[in-house]
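Worksheet for the structure shown next.
The values are calculated or read from the model by the stated rules, or taken from the named source; none is laboratory data. What you are looking at is a predicted structure, and each value in this text was computed from that prediction instead of being measured. Counting neighbours? That spans all protein chains shown, and the Cβs are built from the backbone with ideal geometry, glycine included.
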Amino acid sequence: MLVLDNLYTEFVTPNGHVHAVNGVDLQVKQGEILGLVGESGSGKSATIRSVLRLLPPSGQIVKGSIRLGDTELTTLSASGLRQIRGRRVGFVAQSPFGALNPILPLWKQFRNVLRSTGERVDRATVFEIGEELLGSVGITDPKRVLSGYAHELSGGMAQRVVISMSLLLKPDLVLADEPTTALDVTVQKQILELLRHRVQVLGAACVLVTHDLGVVANYCDRIAVMYAGKIVEAGTVADVFDEPAHPYTLALLKSVPQLGRPVASLPGGPPELLTYPTGCPFLPRCKFAIPLCASEAPPSEDVSAGHTSACHRRAEIATLRRAEVDT
Amino acid sequence: MSEAMGTALRAVGRHRSLFVGLAMLCLFLVAGFLLPLPYVPTEPNVSAQLAGPSAQHWFGTDASGFDVFSRTIAAARRDLPVALAGGLVSLVLGVPLGLLVGAKNRWSEHAMRVLDVFQAFPLVILSIAVVTILGDNLGNVVAAIALINIPRFMRLIRSEVLSLREKRFVEAARAMGASNGRVIFRHLLPNVMDVALVQFSIATANALIVIAALGFLGVGVSPPTPDWGLMIQQGAQQMTTGQWWTVVFPGLAILAAVTCFNAIAAGLNPSKR
Amino acid sequence: MALLVADNITKTFALPNGRRLRAVDEVSFTLEAGQTLALIGESGSGKTTVGRCVLGLIPPDSGSIEIGGVSVPGASRRARKALRKDISVVFQEPYESLNPRMRVKNIIAEPLLIHRPDMPSAERLETVAHIANEVGLPDRVLDRFPRELSGGQQQRVGIARAVVTNPRVIVLDEPTSSLDLSVRGQILNLLATLQATHQTSYLYISHDLATVGHIATNIAVMRGGCIVEQGPTQDVLNSPQHEYTRNLLAAVLRLPTLY
């Protein structure tokens, strides 16, 4: 459904050009939830926002293609994009209150979304559709919520409303940018369940951007790990979590706080992307580095069917990891 | 070497407003204080009254035979420092008062209402009133400017302080045992200075207009002192008979000076960066 | 006797709409020297308010808080200032907790200026450099401003500032929540090392049970202003007694393996 091919996005800052996205290849099929994982500076948000061109004025796509079904998004005009947004692609942002208009009652916001297709909808229809949708996302009194305002809702409820609004026009693709980061853990589970369920019912493709590997392990079908604007590892959740084939993925997995073991640490920090290094961008922090890593950027190649890794030593990571545990 | 030049030029390009404003200000100050004037501004050349701009009198002469160019430049010598003084007094008094009012809750609301009264008066009217009551001299003009601008500073600083007070680093300072004085001077003050400086430039720009207006009305200055406002007033009568230079040049000078301070203010404005 | 004793703290806030919110409801706990008490709760549980009460920033309505036998609320100004030397705080947002106009070295030095004004400046600079080194900050950042540092480095500055007076208790309010995953481990390990070296006690406030599993001696779970369960870490994690604790544990998203 969604194919990103060799995408490059840059931001122009007073200090120079920040290469936020550097040759990203990504595919998401219908009915599939892809977890896009990375830390700050990895380029995951920039990648997602490039799809809908929701970039700040300083950001621009410099190369590559983004195909939604058979529509090429990078060459779409502004009006073309507007057709796509909301209708074929739904967006759920991190802060639900940022996405909801504080001064309009919620049913009017639903109405505006419905109206964007060009159809005229009256209040009764809005309520009918809205109540059904809100009911399906677990809101107990949809009529009251629709008549009310965003600030009357808790964070969890507001995010449910936003999710239902993004699904209102039955999009083919849903992009969720850290949808549960701002929510309490007990609410997080419910929201993720909800998102997964609704996406599967719709048969839509979904990209879930997160820094939380636990979320990916439990709610995504496939995972793509980003570092310094590149996808360093991608594959099914089962494959990648069973046999991570990139040192960064391994380090991240060890850094997730889990009951039963201490948290490992990774020295250093993500690179600033003003200039792009020649070799592998993870080199300064990698404990398995070899001289080749400095001179040649590792290409993204298959480790097994459907499981790629951008590391020269991709085939050895499993062995190296076991060796580490033994020492 | 050229790398450093490149970086410097880029920095200038980013802060165009600021550099233009500062450059103009330097020009004014140099011209006003260091440039040797072709003619003594207060000695008329009686033989050449109302002469148009020429090689001898670049800006022409006025009805009394004064050289307009020399007087325009000389007026800068008087008006600019007064405006700057007014702005400075407002800054020096307004910022601490604003900090105090912002830091203390109890009577800040009432204080703001009192300030509202002052701010309700138009700049010029209030200055005339002050100068009339207190006396017709430069010091009182400065006082009038300060009186009007201090409420503006206080209001601005107070609103900055109200938002700063809630910030984590202020809370951290209190948690480590910082006294109120330390919080105000070490944490609040440095973080309001950028806003205060912008306001200073704006206040000075407004002060220039006030001074010009007062001069135009003959308040605070008497002939033959060169003053832009006064020159415009005296030259106004000649406008109808076609001798535009006596008014236009002082007017352009005011425009340039005010623009220069507005440019500095725009350049300093932190929200633009 | 325990180092920090909180007994029946209650704090109610008046809301703008006239209602009253009982943020903290008869909360009691103790903290021994050199140990860590994790205060776990979600938003609205009152854990942050408890932290502020312990720091003396908010006076509780009733109940007592004693550090080393000295009562925190109601202390005289001099006593309170002395207490501030012994208890410090690390906040969640690394950048927000640092004065953007102060250089790093001055930020770290400030508690020394307040509590040891008699210290000669050379000694102070040396102490700052030593602490910076201990928390893993390279020398070159000492002259920089906070915005020039990464999130992890900023939090190290916050930690350096918190330990420079060698306090007996440090209140840590979600110190790693705003940091990247790969950096969190660095900070947690740093905190553990510092505790081992200086025998500092930590009141570690967090919403994440998984993070505190390895650094907390005891855990207290808060909800709606009350402590619903309290006890040694392994007990709480392995045999939770209260339903809410079980919910929290269930909500921790687990990875397939322990890596």
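Within the range A:206-227, the residues that satisfy the criterion of being at pLDDT 90 or above and either more than 11 Å from chain C (Cβ to nearest Cβ) or assigned to a loop (DSSP other than H, G, I, E, B) (or both) are A:Cys206, A:Val207, A:Leu208, A:Val209, A:Cys220, A:Asp221, A:Arg222, A:Ile223, A:Ala224, A:Val225, A:Met226. Close Cβ contacts (under 8 Å, 6 or more residues apart or on different chains) running from residues in the range A:211-228 that are over 19 Å from C:Tyr259 (Cβ atoms) to residues that are part of a strand (DSSP E or B) and hydroxyl-bearing (Ser, Thr, Tyr) comprise A:Asp221/A:Thr236; A:Arg222/A:Thr236. When residues in the range B:173-199 are screened for being of a type outside the set (Val, Ile, Thr), part of a helix (DSSP H, G or I) and in contact with an Asp or Glu (Cβ under 9 Å, 6 or more places away or on another chain), 6 of them pass. Annotation: of all residues in the range C:141-167 being within 11 Å of another protein chain (Cβ to nearest Cβ) and part of a loop (DSSP other than H, G, I, E, B), the one that is farthest from A:Leu213 (Cα to Cα) is C:Thr165.
Counting only helices (runs of 4 or more DSSP H) that sit completely within the range A:77-137, those holding 2 or more residues that are of a type in the set (D, E, K, R) correspond to A:106-115, A:123-136.
Within this structure, C:Ile108 passes the test of being more than 9 Å from chain B (Cβ to nearest Cβ), in a helix (DSSP H, G or I) and touching a residue at least 24 places away in the same chain (Cβ under 8 Å). Evaluation of C:Arg103 against the conditions (1) within 23 Å of B:Ile184 (Cβ to Cβ); (2) surrounded by 15 or more Cβ atoms within 10 Å (Cβ to Cβ); (3) within 11 Å of chain B (Cβ to nearest Cβ) shows that the sole unmet condition is (3). Being within 12 Å of chain A (Cβ to nearest Cβ), among the basic types (Lys, Arg), more than 30 Å from C:Lys85 (Cα to Cα) and out of contact with any helix residue (DSSP H, G or I) (no Cβ under 6 Å at 6 or more places or on another chain) is the requirement here; does C:Arg223 meet it? Spelling it out, it is not the case that C:Arg223 is within 12 Å of chain A (Cβ to nearest Cβ), among the basic types (Lys, Arg), more than 30 Å from C:Lys85 (Cα to Cα) and out of contact with any helix residue (DSSP H, G or I) (no Cβ under 6 Å at 6 or more places or on another chain).
Only one entry of A:Thr117, A:Thr140 meets the criterion of being closer than 24 Å to A:Leu52 by Cα and loosely packed, with under 14 Cβ neighbours inside 10 Å, and that entry is A:Thr117.
Just one of the listed residues (B:Ala143, B:Ala205, B:Ala173) is within 30 Å of C:His115 (Cα to Cα) and at pLDDT 80 or above, namely B:Ala173.
Among the residues of the range A:140-192, those identified as acidic (Asp, Glu) and either within 14 Å of chain C (Cβ to nearest Cβ) or closer than 26 Å to A:Gly203 by Cβ (or both) are A:Glu152, A:Asp172, A:Asp177, A:Glu178, A:Asp184.
Residue-wise test of (1) under 18 Å from A:Gly41 (Cα atoms); (2) without any contact (Cβ under 8 Å) to a residue 60 or more places away in the chain; (3) within 14 Å of another protein chain (Cβ to nearest Cβ); (4) under 25 Å from the mean Cα position of the chain (by Cα).
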residue: A:Tyr248; (1), (2), (3), (4): yes, yes, yes, yes
residue: A:Leu252; (1), (2), (3), (4): yes, no, yes, yes
residue: A:Ser255; (1), (2), (3), (4): yes, yes, yes, yes
residue: A:Leu259; (1), (2), (3), (4): no, yes, yes, no
residue: A:Ala294; (1), (2), (3), (4): no, yes, no, no
residue: A:Ser300; (1), (2), (3), (4): no, no, no, yes
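Identify all residues within the range A:54-84 that are closer than 15 Å to A:Leu173 by Cβ and either surrounded by 18 or more Cβ atoms within 10 Å (Cβ to Cβ) or in contact (Cβ under 8 Å) with a residue 60 or more places away in the chain (or both); write none if there are none. Correct list: A:Ile66, A:Arg67, A:Leu68, A:Gly69, A:Leu73, A:Ile84.
Filtering B:Ile150, B:Ile128, B:Ile133 for residues that are surrounded by 11 or more Cβ atoms within 10 Å (Cβ to Cβ), under 24 Å from the mean Cα position of the chain (by Cα) and farther than 20 Å from B:Ser201 by Cβ leaves a single hit, B:Ile128. Screening C:Asp235 with (1) without any contact (Cβ under 8 Å) to a residue 60 or more places away in the chain; (2) within 12 Å of chain A (Cβ to nearest Cβ) gives one miss only, at (2).
Within the range A:80-90, not a single residue is polar (S, T, N, Q) and in contact with a Gly (Cβ under 9 Å, 6 or more places away or on another chain). Within the range A:18-45, residues that are within 14 Å of another protein chain (Cβ to nearest Cβ) and surrounded by fewer than 24 Cβ atoms within 10 Å (Cβ to Cβ) have Cβ atoms under 7 Å from residues that are among the β-branched types (Val, Ile, Thr) and assigned to a strand (DSSP E or B) in these pairs: A:Ser45/A:Val209, counting only partners at least 6 apart in sequence or on another chain. Of C:Gly18, C:Gly44, C:Gly51, C:Gly34, all but one fail to be in a helix (DSSP H, G or I) and among the small types (Gly, Ala, Ser); the exception is C:Gly51. The set of residues in the range A:74-92 that are modelled with pLDDT under 85, over 23 Å from A:Ser147 (Cα atoms) and not polar (S, T, N, Q) comprises A:Leu76, A:Ala78, A:Gly80, A:Leu81, A:Arg82, A:Ile84, A:Arg85, A:Arg87. All told, A:Val28 meets the bar of being β-branched (Val, Ile, Thr) and within 12 Å of the chain's Cα centre (by Cα).
The test for being crowded, with 22+ Cβ neighbours inside 10 Å and over 26 Å from the mean Cα position of the chain (by Cα) does not hold for A:Val161.
All of C:Tyr202, C:Tyr244 fail the test of being in contact with a Lys or Arg (Cβ under 6 Å, 6 or more places away or on another chain), of a type in the set (Phe, Trp, Tyr) and either within 16 Å of C:Gln92 (Cα to Cα) or modelled with pLDDT of 85 or more (or both), apart from C:Tyr244. In this entry, B:Thr246 is excluded by the filter for residues that are in a loop (DSSP other than H, G, I, E, B), modelled with pLDDT under 85 and either of a type in the set (Ser, Thr, Tyr) or more than 25 Å from B:Leu268 (Cβ to Cβ) (or both). Mind listing just one residue for me: the one in the range A:1-16 that is touching a residue at least 24 places away in the same chain (Cβ under 8 Å), within 14 Å of chain B (Cβ to nearest Cβ) and out of contact with any Leu (no Cβ under 7 Å at 6 or more places or on another chain) and, of those, surrounded by the fewest Cβ atoms within 10 Å (Cβ to Cβ)? Here the answer is A:Thr13.
Number of residues in the range C:177-220 that are within 13 Å of another protein chain (Cβ to nearest Cβ) and not hydrophobic (A, V, I, L, M, F, W, C): the value is 16.
For the range A:290-302, give me each residue that is buried (at least 17 other Cβ atoms within 10 Å of the Cβ) and touching a His at 6+ places or on another chain (Cβ under 9 Å). Result: A:Cys293, A:Pro298.
Under the condition of being within 14 Å of the chain's Cα centre (by Cα) and of a type in the set (Ser, Thr, Tyr), which residue from the range A:31-60 is nearest to A:His211 (Cα to Cα)? Out of the qualifying residues, it is A:Ser40.
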